[in-house]
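Participant: I'd like to ask you about the structure that follows.
The values are calculated or read from the model by the stated rules, or taken from the named source; none is laboratory data. What you see is a predicted model, and the numbers here were worked out from it, not measured in a lab. Because the Cβ atoms are built from the backbone with ideal geometry, glycine has one as well, and the counts that use them run over all protein chains shown. Only protein heavy atoms, including side chains, enter the accessible area calculation; ligands, DNA and RNA are left aside. Shrake-Rupley method; radii C 1.70, N 1.55, O 1.52, S 1.80 Å.
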Amino acid sequence: MTCRRRAGAGAWSWWAAADGPPWSWPCLAALAGGAAFGRLTWNAIGRHESAEKLRRRKAAWDAQEAARQERHDAWGEQWKQRLARITKLEGCRIVAIQPWAANTGYTVEVELPGGATWNQLKRFEEALGSDLRLPEGCGVEVAGGRRKGTAIIRVATVNVIEQTIPFPADLSPTSIDDEFAIGLHKDGTYAKGSLAFQCGLGIGDTGSGKTNTLNVINAQLVRTVDALVWHIDTTGAGLSLPWLTSWAIDGTHQRPVIDWTAPTLDEARALLTMAIQIIEARKRRYQQVMRQANDTKLPVSPEIPAIIIVVDETADLPRDIKGMIETVMNTGRAVRVRVKVSSLRATTDSVPVAVRKRAKWRWGMYVTDPEELAYLFSGYQKVDPSDAPWPGCGFNAYNSTKPRPCKAFQLTPQRMDRIAAAVSARRPVLDKISCEVPHGRYYPSRWARVLPRLYEGEQLHAVTRPYTAVPVVPVPTAAPQSGPAPASGAVPGGPGAGIRPGSPEWNRLFPRRGDATTPAAPEEKPAAPADPPDGRLRLVVNNTDRPQNPPEAPPEPPAPAHSDPAPAQKPEPPRPPEQAKPTSAEPQPTAQDAAMRLVLDAGPDGTGPSRMEADLKAMGYSTHRTTISGWLRLWAAAAEVFQMGSGTQTYYVHRSYVSGRPPSA
């Protein structure tokens, strides 16, 4: 365009100079006419040039697309022949072949012939990888497509999971309701999980990277602003120490990022008992909050945070603690109390079946025995440990997805220190209602009990004083520290503070009125006011210095609500001095002991949680039906009681009364 203007101006100047003065009227008229003509043709010429450029660009694009389509068709034809040759499926149609963004592989979408399923391709993954001559560590994954009759084939051409993948630098605030990444799949996509409404289960052999993966999960949890993290690790608290040392010893931040850690069995029992009580309290006292949110699940916030309990090394935990973990997993979903369990091995003695079934998010690091992965990912027995043979590699299955190979992010101690310092200020605190549960009395002094044990011989930093300079409330111990050995029939952690139901010790602890074992009371002594009016059960003192669960009633139980009040004009007979008030050496039986006695008293007709709740309240215990149901489930799992009926007709019978199931010796 510029060249044309210059040529026009030059022609006019030459003509005007040759024919006379350039500023005469004829010359000016010619100049004006040329300018008007140029203006009229300017837009048309510009549009023509733009259209020509667009046409050339489109022609180049079409040629490129034609070449790509030709390669795609050739590629697709190769896959069609490969599937027919290896899987014997004729008539497969290759819908699309999409390279991955990281250029580490590609995905093939296949439409299968009528009647074929993607599972028919799944068993040929190894054969397809061999036919493609993939490098070591790369492989083929087959999964279901977006609709029936289709399959997705992921082909990894670069070994992503062999590489070291550092933990992401993003430490922005998150919510427990958000999914979070723990690593990368072979195709470069994130391996994700969530503990918002699901429980988790992870396994890994020694040296497999299980601890690193747990630290990655911890890092993602402490980033949240609406979830507290509680730890149970009775093998040295190795799960918690990397997250506490920068606070407790170095003082790099003012608050701990882990809200509670239990390094001992007694501390673990206190923690889990409080969690069960919190579940019960939240269900009753946050009904209005759930109604306002129009949801049957409690909405979490920094004011009402979720509680995530991370448990490491479950194999050596006693049965009663495993039972409490199961109770939390069974009952805590609606009020946002969830559990993440990990173990060295995936076996029934390390991971009970009930725990595995409740865990909807499962991950397994490298193990030497494929049967353990088959137990972890039940229903997917084709999981092969050789697909993830390096430390830090494993399989991830979340939200009903198939287990897929992945590599966990790497998290170093220095990186954990920086994360703890960055997120400390925004960590939430436990809500008031949760703090008011009976076991809440042990909560304020948790660090005063735990930190001196974890850092024995070391000087704690001054920033810990608000947490340690408080009166220490010791948690109950599981058994007397000294004294005679338990009597015959004792089962550590069982009901009755270790006394087996039906044993002589149990009958002495809870004698029936009228039994031969019941000591006859002198005629001149009146009955104890705590005896129920129906005469079904008479409680006597326990034979231990500490009940398994703290008494849920005052030391002196009140009279039953349905009993007739004593006449005002008739004074109450004086109570004998030895029965006036239990001494410290004669604690009352626990509510759990009394509940088991109720099951025994019910005989072959059995009883249920609602009736037991009423009976316990008549005896002075304020135990809720939810807690009783948890005990019954625990006893049923231990074969102490048997569940009969179903639905609203469910009742429980002690094993002593079930035909063909006599009590064990």
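Participant: Taking θ = phi - 60°, what integer Hz values does the Karplus form 6.51 cos²θ - 1.76 cosθ + 1.60 yield along the range 153-160, in sequence order, with x for Gly and Pro?
Facilitator: Coupling constants for the range 153-160: 10, 9, 10, 8, 9, 10, 7, 6 Hz.
Participant: Can I ask one more? Quick query: amide H of ALA306 versus all other amide H atoms, modeled in the peptide plane; which residues come in under 5 Å with a sequence gap of 5 or more or a different chain?
Facilitator: Placed amide hydrogens put ALA227, LEU228, SER301 under 5 Å from ALA306.
Participant: I've got another one for you. Expressed in nm², what is the orientationally averaged projection area of the convex hull enclosing the Cα positions of the range 306-458?
Facilitator: Value for the range 306-458: 11.9 nm².
Participant: Another one. Normalised by the residues of the range 167-222, what does the relative contact order come to in percent, with Cα pairs under 8 Å and at least six apart?
Facilitator: Dividing the mean separation by the residue count of the range 167-222 yields 30 percent.
Participant: Can I ask one more? Above 12 Å lies some portion of the pair distances; for the range 264-323, what is it as a whole percent of all C-alpha pairs? Walk me through the intermediate numbers first.
Facilitator: Working: 1310 of 1770 pairs.
Here the tail beyond 12 Å accounts for 74 percent of pairs.
Participant: Within 9 Å, Cβ to Cβ, of GLY202, how many net charges do the neighbouring residues add up to if Lys/Arg are +1 and Asp/Glu are -1?
Facilitator: +3
Participant: When only the heavy atoms of the protein chains count and the probe is 1.4 Å, how do LYS617, LYS148, LYS122 rank by accessible area, highest first?
Facilitator: Solvent-accessible surface, decreasing: LYS148, LYS617, LYS122.
Participant: Which of rounded, prolate or oblate describes the range 135-284 when judged by the alpha-carbon gyration tensor and an a/c cut-off of 1.5?
Facilitator: prolate
Participant: Just by accessible area at a 1.4 angstrom probe, what is the order of ARG57, ARG146, ARG255, ARG85 from largest to smallest?
Facilitator: Order by accessible area, largest first: ARG146, ARG57, ARG85, ARG255.
Participant: Under 10 Å from the Cβ of VAL355, count the other residues' Cβ atoms, weight Lys and Arg +1, Asp and Glu -1, and hand me the total. Provide the component values of the computation, followed by the final result.
Facilitator: Numbers: positive: LYS322, ARG356, LYS357, ARG358; negative: GLU326.
Around VAL355, the charge tally is +3.
Participant: At what distance in angstrom do the alpha carbon centres of the range 309-358 and the range 153-223 lie from each other?
Facilitator: When both Cα centres are located, 21 Å separates them.
Participant: Another one. Lys/Arg Cβ at +1, Asp/Glu Cβ at -1, dipole of the range 66-181 taken about the Cα centre: which of ILE165, GLY144, LEU121 is farthest positive-ward?
Facilitator: Comparing the listed Cα positions along the dipole, LEU121 ranks first.
Participant: Let me ask something additional. Which percent of Cα pairs goes in each bin when the distances of the range 80-202 are cut into 10 angstrom slices starting at zero?
Facilitator: All Cα pairs considered, the percentages come to 12, 35, 30, 18, 5, 0.
Participant: Fully extended, how many nm does the chain gain between VAL470 and VAL429 (0.36 nm per residue separation, minus their Cα-Cα distance)?
Facilitator: Computed gain between VAL470 and VAL429 is 13.0 nm.
Participant: Can you compute 3J(HN,Hα) from phi for each residue in the range 57-63, using the Karplus curve 6.51 cos²θ - 1.76 cosθ + 1.60 with θ = phi - 60°, rounded to whole Hz and x for Gly and Pro?
Facilitator: Once θ is set to phi - 60°, the couplings for the range 57-63 become 5, 5, 5, 5, 4, 4, 5 Hz.
Participant: VAL225 versus GLU90, label points 7 Å from Cα toward the beta carbon: distance in nm?
Facilitator: Modelled inter-label distance: 6.3 nm.
Participant: Express in nm, to one decimal, how much length is gained between THR348 and ARG611 on full extension, taking 0.36 nm for each residue of separation and deducting their alpha carbon distance.
Facilitator: 91.3 nm
Participant: A further question on this structure: Once the Cβ-Cβ distance between HIS461 and TRP75 is put in as r, and R0 is 60 Å, what FRET efficiency do you end up with, to the nearest 0.05?
Facilitator: Once rounded, the FRET efficiency stands at 0.45.
Participant: Further question: Kindly report the accessible area of the range 104-149 per residue (heavy atoms of protein chains, probe 1.4 Å, no ligands, DNA or RNA), in Å².
Facilitator: Accessible surface, normalised per residue, equals 54 Å².
Participant: To the nearest 0.05, how large is the calculated FRET efficiency for THR107 and GLN254 if R₀ is 51 Å and r is the Cβ-Cβ distance?
Facilitator: Step by step, r from the Cβ atoms, then E = 0.60.
Participant: Calculate the dipole size of the range 174-288 relative to its Cα centre from +1 charges on Lys and Arg beta carbons and -1 charges on Asp and Glu beta carbons; express the result in debye to the nearest 20.
Facilitator: Dipole of the range 174-288, to the nearest 20 debye: 280 debye.
Participant: Taking every pair of alpha-carbon atoms in the range 203-243, give the share separated by more than 13 Å as a whole percent.
Facilitator: Here the long-distance tail beyond 13 Å is 59 percent of all Cα pairs in the range 203-243.
Participant: Here is a follow-up. Take the alpha carbon atoms of the range 42-118, find their center, do the same for the range 367-429, and report the distance between the two centers in whole angstrom.
Facilitator: Cα centroid to Cα centroid, the span is 36 Å.
Participant: Still on this structure, please answer the following. Return the loop-located GluC sites (Glu not before Pro) in the range 117-153 (DSSP other than H, G, I, E, B) with at most 14 other Cβ atoms within 10 Å of their own Cβ; answer none if there are none.
Facilitator: The qualifying sites are GLU136.
Participant: To the nearest µm²/s, what D does Stokes-Einstein give for the range 80-140 at 4 °C and 1.567 mPa s, using the Kirkwood radius over alpha carbon pairs as Rh? Present the calculation step by step, with values, prior to reporting the outcome.
Facilitator: On the way: Rh = 12.5 Å.
After rounding, the answer is 103 µm²/s.
Participant: Still on this structure, I have one more. How large, in percent, is the carbon and sulfur part of the accessible surface of the range 133-223 at a probe radius of 1.4 Å?
Facilitator: 50
Participant: On average, how much accessible surface per residue is there in the range 256-383, in Å², for a 1.4 Å probe, leaving out ligands, DNA and RNA? Before the final figure, lay out each step's value.
Facilitator: Details: 4790 Å² over 128 residues.
Per residue, the range 256-383 has 37 Å² of solvent-accessible surface.
Participant: I would also like to ask the following. How long, wide and thick is the range 195-352, going by the Cα atoms along their three principal axes, in whole angstroms, largest first?
Facilitator: 48, 42, 27
Participant: In nm, give the distance between the simple-model label positions of ALA374 and ARG284, each being 7 Å from the Cα along the Cα-to-Cβ direction.
Facilitator: Spacing of the two 7 Å Cα→Cβ label points: 4.8 nm.
Participant: For the charge dipole of the range 173-219, defined by +1 on Lys and Arg C-beta atoms and -1 on Asp and Glu C-beta atoms about the Cα centroid, which residue among TYR190, GLY207, PHE180 has the Cα displaced farthest towards the positive pole?
Facilitator: GLY207
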